[in-house]
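Colleague: One structure follows; several queries about it will come next.
The values are calculated or read from the model by the stated rules, or taken from the named source; none is laboratory data. None of these values were measured; they are calculated from a predicted model. Cβ: placed from backbone, ideal geometry, glycine included. Neighbour counts: every protein chain shown.
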Amino acid sequence: MPRYFFSSNANKPRICILGGGFGGLYTALALRRYYRHFQGWDVALVNGSQRFVFTPLLYELVTGEMELWEIAPPYRELLRNTPVTFYCNWVESIDLEARQLRLQDRSLIDYDYLVLALGKTGARLPHESVLSFRNLADAQALDERLQQLESRDVDARIRVGVVGGGPNGVELAGKIADRLGKRGEVRLIDRGDRLLPHFTRATQTSASKALDRRGIRVSLQSQVTGVTEDFLEFVQHGERVEVPIDLVVWTAGTQNREIVANLDCLHTASGKLVVEPTLQLHDRPEVFVLGDIASIRDNGVPETAQVTYQQAGYAAYNIWASSTHHPLKSFQYLHLGEMVTLGVNDGVTHSFGIHLNGALGNFVRRLVYTQRLPTNTHSLRVFWHWLKRSIVSGLKKLLLGKKKRDRQQKKACKRQFINSL
């Protein structure tokens, strides 16, 4: 049985990071600033897929506004020239007592420090025809299904139901509506009494107006009771409603991963891991927990990518501090605002009392997210590609506008000539 990650040098801590999302990858990258204090650290990042996914921009794949390489670069590319070793594998079990992991290929990894950044998974889907939208595979499956529907009779309407009125559902509904255009009939269903319940009123209002402009039907206080390949059934205000449907995308709800639920440690009633303010697992100071699987004592924080992004820096620092006997820092979340896309070239950015919507809100959102991409190299590549596409698109519009004006001018001259006869 292969065993990885042994080091004969006691000054080289063995750090294993489980999960390659915002928490895991950004912790691995943040550790770089502390490497000089050692002769090099043994750092491993374990993730079940080959590509990192910048999930806030995943919606842009649906409309073709961004390309795969921009949103989902390979880990080996991002970790090039770093001491981090990437293992594309699934973790099968975690032995906290022995400080050892067993991977799906039966290999073992020993660690001195462990970072758990596995995240939650989507809720169980009610029917085999229903799609989810949480990762790259989901986005690709949705794109494939939409292509199938678009290839039908051009006069046929494409009826899509999106379940879930949080940011995932709202953003996805806007993108799908813009992609389908006049052929689309999009319905957004949520059991709550308002969309984006944890967002500011200004953002909620902008989102409602954007959905309305796109003709998206919003059914609030509605509970889905049945889904088939052809129909979606829900109860609204006590009344049963059944609508014909071509596609249902489920964005509501999450659930804990089995491997997290099976850990021999303290859990909350909802299944989260009880974590100290320093992000250390209760009674396991060598284990750090990030993201939506963590319940921080006396510090309730939302389950957002923004939180996990900030936690990564704290986790990296506290691993260094723990190994060098420096004081650890308690995690302090700084809410920087909220950003959502509401369709093609449409979005909201709300930060520190400043509210931007429409094309400007979308531009700021895209700019901020481009800056937050994992490495400076990748961020610059994406920025220049965006700039070039914007210039080319602008020139095309300019040329098309000129041709249209020329045609109109010719028609006007022709009418004048005819009238003069």
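Colleague: Is it fair to say Gly361 is in a helix (DSSP H, G or I) and of a type in the set (Gly, Ala, Ser)?
Modeller: In short, yes.
Colleague: When the residues of region 204-222 are filtered to those that are surrounded by 15 or more Cβ atoms within 10 Å (Cβ to Cβ) and not polar (S, T, N, Q), which remaining residue is farthest from Glu144 (Cα to Cα)?
Modeller: Of everything passing the filter in region 204-222, Leu220 is farthest from Glu144 (Cα to Cα).
Colleague: Quick check on region 36-72: of everything there that is of a type in the set (Phe, Trp, Tyr) and in contact with a strand residue (DSSP E or B) (Cβ under 8 Å, 6 or more places away or on another chain), which residue is farthest from Ser379 (Cα to Cα)?
Modeller: Out of the qualifying residues, it is Trp41.
Colleague: Among Arg389, Arg366, which is the only one that is modelled with pLDDT of 95 or more and in a helix (DSSP H, G or I)?
Modeller: After ruling out the rest, the residue left standing is Arg366.
Colleague: Is at least one residue of region 265-284 buried (at least 20 other Cβ atoms within 10 Å of the Cβ) and within 30 Å of Asp143 (Cα to Cα)?
Modeller: No, because not a single residue in region 265-284 is buried (at least 20 other Cβ atoms within 10 Å of the Cβ) and within 30 Å of Asp143 (Cα to Cα).
Colleague: Given (1) more than 28 Å from His385 (Cβ to Cβ); (2) in contact with a Pro (Cβ under 8 Å, 6 or more places away or on another chain), identify the lone condition not met by Leu118.
Modeller: So Leu118 meets the others, but not (2).
Colleague: Only residues in region 369-391 that are exposed (fewer than 13 other Cβ atoms within 10 Å of the Cβ) count as the first member; pair them with residues that are charged (D, E, K, R), Cβ under 8 angstrom, at least 6 apart or cross-chain, and list the lot.
Modeller: Going by the 8 Å Cβ cut-off, there are no qualifying pairs.
Colleague: Let me ask you something else. So, in region 223-251, how many residues would count as being touching a Leu at 6+ places or on another chain (Cβ under 9 Å) and either exposed (fewer than 14 other Cβ atoms within 10 Å of the Cβ) or in contact (Cβ under 8 Å) with a residue 60 or more places away in the chain (or both)?
Modeller: So the count comes out to 13.
Colleague: Pick out the one residue from Arg159, Arg152 that is surrounded by fewer than 22 Cβ atoms within 10 Å (Cβ to Cβ) and either in contact (Cβ under 8 Å) with a residue 12 or more places away in the chain or small (Gly, Ala, Ser) (or both).
Modeller: After applying the criteria, what remains is Arg159.
Colleague: Could you identify the single residue in Asp143, Asp138 that is surrounded by 17 or more Cβ atoms within 10 Å (Cβ to Cβ) and within 24 Å of Ile71 (Cα to Cα)?
Modeller: Asp138
Colleague: When you check Ala316 against the structure, is it buried (at least 21 other Cβ atoms within 10 Å of the Cβ), under 21 Å from Asp110 (Cα atoms) and assigned by TED's automatic domain parsing to the domain that holds Gly20, yes or no?
Modeller: Yes.
Colleague: Quick one: which strands (runs of 3 or more DSSP E) sit completely within region 225-336 and have at least 1 residues that are more than 30 Å from Ile354 (Cα to Cα) and acidic (Asp, Glu)?
Modeller: Strands (runs of 3 or more DSSP E) meeting the threshold: 231-236, 239-244, 284-289.
Colleague: For region 211-222, check the following and say yes or no: at least one residue is in contact (Cβ under 8 Å) with a residue 60 or more places away in the chain and under 22 Å from the mean Cα position of the chain (by Cα).
Modeller: There is at least one residue in region 211-222 that is in contact (Cβ under 8 Å) with a residue 60 or more places away in the chain and under 22 Å from the mean Cα position of the chain (by Cα).
Colleague: Residue under question is Trp41, and the condition is that it be in the same structural domain as Tyr309 (by TED's automatic domain parsing) and modelled with pLDDT of 90 or more; does it hold?
Modeller: So Trp41 fails the test.
Colleague: Here's something else I'd like to know. Quick check on this structure: which one of Val170, Val154 is in contact with a helix residue (DSSP H, G or I) (Cβ under 7 Å, 6 or more places away or on another chain), among the β-branched types (Val, Ile, Thr) and not assigned by TED's automatic domain parsing to the domain that holds Tyr59?
Modeller: The conditions single out Val170.
Colleague: Restricting to region 1-38, name every residue that is at pLDDT below 95 and of a type in the set (S, T, N, Q).
Modeller: Result: Ser7, Ser8, Asn9, Asn11.
Colleague: A further question follows. Could you list, ordered by first residue, the pairs with Cβ atoms under 7 Å in which the first is in region 255-274 and within 11 Å of Ala294 (Cα to Cα) and outside the structural domain of Leu290 (by TED's automatic domain parsing) and the second is outside any loop (DSSP other than H, G, I, E, B) and of a type in the set (Asp, Glu), at least 6 apart or interchain?
Modeller: If the second residue must be outside any loop (DSSP other than H, G, I, E, B) and of a type in the set (Asp, Glu), no pairs are left.
Colleague: Let me ask something additional. Report yes if some residue within region 73-95 is of a type in the set (A, V, I, L, M), more than 28 Å from Leu31 (Cβ to Cβ) and either out of contact with any strand residue (DSSP E or B) (no Cβ under 7 Å at 6 or more places or on another chain) or surrounded by fewer than 17 Cβ atoms within 10 Å (Cβ to Cβ) (or both); otherwise report no.
Modeller: Checked region 73-95: no residue is of a type in the set (A, V, I, L, M), more than 28 Å from Leu31 (Cβ to Cβ) and either out of contact with any strand residue (DSSP E or B) (no Cβ under 7 Å at 6 or more places or on another chain) or surrounded by fewer than 17 Cβ atoms within 10 Å (Cβ to Cβ) (or both).
Colleague: Looking only at region 133-161, which residues are touching a strand residue (DSSP E or B) at 6+ places or on another chain (Cβ under 8 Å) and closer than 18 Å to Arg51 by Cβ?
Modeller: Residues satisfying the conditions are Phe133, Arg134, Leu136, Asp138, Ala141, Leu142.
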